[in-house]
Amino acid sequence: MMPRHFLTTKDWTRDELERLLEAAARFKRGEDESQPLAGRSAALVFFNPSLRTRASMQVGVYELGGNSVVLEPGGTSWTLEHRENVVMDGNKTEHVAEFVRVLGRYCALIGVRTFAPLQDWRAERLDPILNAFARYSEVPLVNLESAMHHPCQALADMMTIREKLGAGRRRVVLAWAWHPKPLPMAVPNSFALAAAQLGHELVIAHPPGYELDDELIGEINSRAFDAGANVTVTNDIDEACDGAQVVYAKSWGSRMFYGAPEDDIEERAPYRGQWIIDEAKMRRTNSGIFMHCLPVRRNVIVTDAVIDSPASVVIDEAENRLHVQKAIMAKLIRAEGGGRRDE
Ligand code: CP
């Protein structure tokens, strides 16, 4: 039996996501003090930097009674090869095949962060490193942001919308923002997918050339249809903000320019100062809240006036990472027969 993983919300039904949100709310209110990781450990593997994910996972593992083992391949642990059938005569010391199965003998759960290097769109859109971990892992795996998905962030985002605006359908705008360099698509992908799964009216606003993955957009449309909701894609950021109840800002790179960042930088240059969330755009909303996954560049993605306003919920959004990740870990551990109580 392969363990159940949390790699993308796509693999979880709407009902299951709703139950995770309820479990997260119970952790947040202090109503659930269970410790399904008591006496056990979780490995947290970081190929890339992190503040929120690393801190909230370490605190979450501790609060669930467990111990966390943080590893940084190429830093505090060996460099890792993930490709199959390669002759490892280059600069990679260990293969994921051994790394993951060895960790599974020590730890009840593995979390992994592995960003897209933005070099090869066709390869990276398939999430090769995350999938190599999943191929070999004999214990539950939690995606802590991969090339294409950041499902823990998306679940915290959904929890925050529910907390601030109540349950039910909201007009939610995912707004591309100018940034001096191309960034991965994991956050916008996962936000849009989860918003569609939970039945929000989703508007995706980006300049021409910054489309999300076609197959993912198909999945987002299909999940929205199942939930009785609509998805709109627009190139007009001002119009997108009209009547919005949530403005979620995020920058991402164009898939046309993976491997050529200087071309993307040139392409996006005209959008500086235009694709930024400022007071004028927030005035167009329906008392909308401002969201961002953080870290955020002030006065680049969002003005000080907006992020410091009462409409900004970014700190609560970051806090909710802790609660949803506890809910996810507890669910995965209990599904494996661990912990004292099932939900
Ligand atoms: N939002 C988020 O994942 O933050 P970190 O990159 O700091 O973990």
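Would you point out which residue out of GLY339, GLY288, GLY253 is buried (at least 22 other Cβ atoms within 10 Å of the Cβ) and modelled with pLDDT under 95?
Details: GLY288 fails: modelled with pLDDT under 95; GLY253 fails: modelled with pLDDT under 95.
Result of the check over GLY339, GLY288, GLY253: GLY339.
When the residues of the stretch 236-274 are filtered to those that are touching a Leu at 6+ places or on another chain (Cβ under 9 Å) and in a loop (DSSP other than H, G, I, E, B), which remaining residue is nearest to GLU163 (Cα to Cα)?
Only one residue tops the list, namely GLN245.
Taking the options PRO182, PRO188, name whichever one is over 16 Å from the mean Cα position of the chain (by Cα) and either crowded, with 24+ Cβ neighbours inside 10 Å or within 28 Å of ASP120 (Cα to Cα) (or both). Please lay out each step first, then the result.
Details: PRO188 fails: over 16 Å from the mean Cα position of the chain (by Cα).
Checking each option against the conditions leaves just PRO182.
Taking the stretch 53-79 on its own, how many of its residues are among the β-branched types (Val, Ile, Thr), out of contact with any helix residue (DSSP H, G or I) (no Cβ under 9 Å at 6 or more places or on another chain) and either part of a helix (DSSP H, G or I) or within 13 Å of the ligand (Cβ to nearest atom) (or both)? Step through it out loud before you land on a result.
Initially, the stretch 53-79 is screened for residues among the β-branched types (Val, Ile, Thr), giving 53, 59, 61, 69-70, 76, 79.
When the remaining residues are screened for being out of contact with any helix residue (DSSP H, G or I) (no Cβ under 9 Å at 6 or more places or on another chain), the result is 76, 79.
From what is left, the residues that are either part of a helix (DSSP H, G or I) or within 13 Å of the ligand (Cβ to nearest atom) (or both) are none.
Number of matching residues: 0.
Would it be correct to say that GLU33 is in a loop (DSSP other than H, G, I, E, B) and either surrounded by fewer than 21 Cβ atoms within 10 Å (Cβ to Cβ) or touching a helix residue (DSSP H, G or I) at 6+ places or on another chain (Cβ under 6 Å) (or both)? I'd like the intermediate steps shown before the answer.
On the way: in a loop (DSSP other than H, G, I, E, B): yes; either surrounded by fewer than 21 Cβ atoms within 10 Å (Cβ to Cβ) or touching a helix residue (DSSP H, G or I) at 6+ places or on another chain (Cβ under 6 Å) (or both): yes.
It is true that GLU33 is in a loop (DSSP other than H, G, I, E, B) and either surrounded by fewer than 21 Cβ atoms within 10 Å (Cβ to Cβ) or touching a helix residue (DSSP H, G or I) at 6+ places or on another chain (Cβ under 6 Å) (or both).
Just wondering, is there one or more residues in the stretch 144-152 that are in contact with a Gly (Cβ under 6 Å, 6 or more places away or on another chain) and either under 14 Å from PHE47 (Cα atoms) or buried (at least 24 other Cβ atoms within 10 Å of the Cβ) (or both)?
Pass one, the stretch 144-152, residues in contact with a Gly (Cβ under 6 Å, 6 or more places away or on another chain): 144.
With either under 14 Å from PHE47 (Cα atoms) or buried (at least 24 other Cβ atoms within 10 Å of the Cβ) (or both) added as a condition, the list becomes 144.
Scanning the stretch 144-152, I find at least one residue that is in contact with a Gly (Cβ under 6 Å, 6 or more places away or on another chain) and either under 14 Å from PHE47 (Cα atoms) or buried (at least 24 other Cβ atoms within 10 Å of the Cβ) (or both), so the answer is yes.
For residues that are open to solvent by 40 Å² or more (accessible area, probe 1.4 Å), in contact (Cβ under 8 Å) with a residue 12 or more places away in the chain and not basic (Lys, Arg), tally how many sit in the stretch 51-69.
First, pick out the residues of the stretch 51-69 that are open to solvent by 40 Å² or more (accessible area, probe 1.4 Å): 51-52, 54-55, 58-59, 62-63, 67, 69.
Of the ones still in play, those that are also in contact (Cβ under 8 Å) with a residue 12 or more places away in the chain are 51-52, 54, 58-59, 63, 67, 69.
Restricting the remaining residues to those that are not basic (Lys, Arg) gives 51, 58-59, 63, 67, 69.
Residues flagged as open to solvent by 40 Å² or more (accessible area, probe 1.4 Å), in contact (Cβ under 8 Å) with a residue 12 or more places away in the chain and not basic (Lys, Arg) within the stretch 51-69 amount to 6.
Among the residues of the stretch 37-52, which ones are within 19 Å of CYS293 (Cα to Cα) and either among the small types (Gly, Ala, Ser) or more than 16 Å from the ligand (Cβ to nearest atom) (or both)?
The answer is SER50, and nothing else.
What tally of residues in the stretch 210-228 results from selecting those that are open to solvent by less than 10 Å² (accessible area, probe 1.4 Å) and more than 17 Å from the chain's Cα centre (by Cα)?
Counting residues in the stretch 210-228 that are open to solvent by less than 10 Å² (accessible area, probe 1.4 Å) and more than 17 Å from the chain's Cα centre (by Cα) gives 2.
Hey, any hits in the stretch 95-106 for a residue that's open to solvent by less than 10 Å² (accessible area, probe 1.4 Å), assigned to a strand (DSSP E or B) and β-branched (Val, Ile, Thr)?
No, there is no match, as no residue in the stretch 95-106 is open to solvent by less than 10 Å² (accessible area, probe 1.4 Å), assigned to a strand (DSSP E or B) and β-branched (Val, Ile, Thr).
The values are calculated or read from the model by the stated rules, or taken from the named source; none is laboratory data. Note that the coordinates shown come from a computational prediction; the quantities given were computed from them, not determined experimentally. Note that each Cβ is placed from the backbone with ideal geometry, even for glycine, and that neighbours are counted across all protein chains shown. Just so you know, the surface numbers come from the protein's heavy atoms only, side chains and all, with ligands and any DNA or RNA stripped out. Shrake-Rupley method; radii C 1.70, N 1.55, O 1.52, S 1.80 Å.
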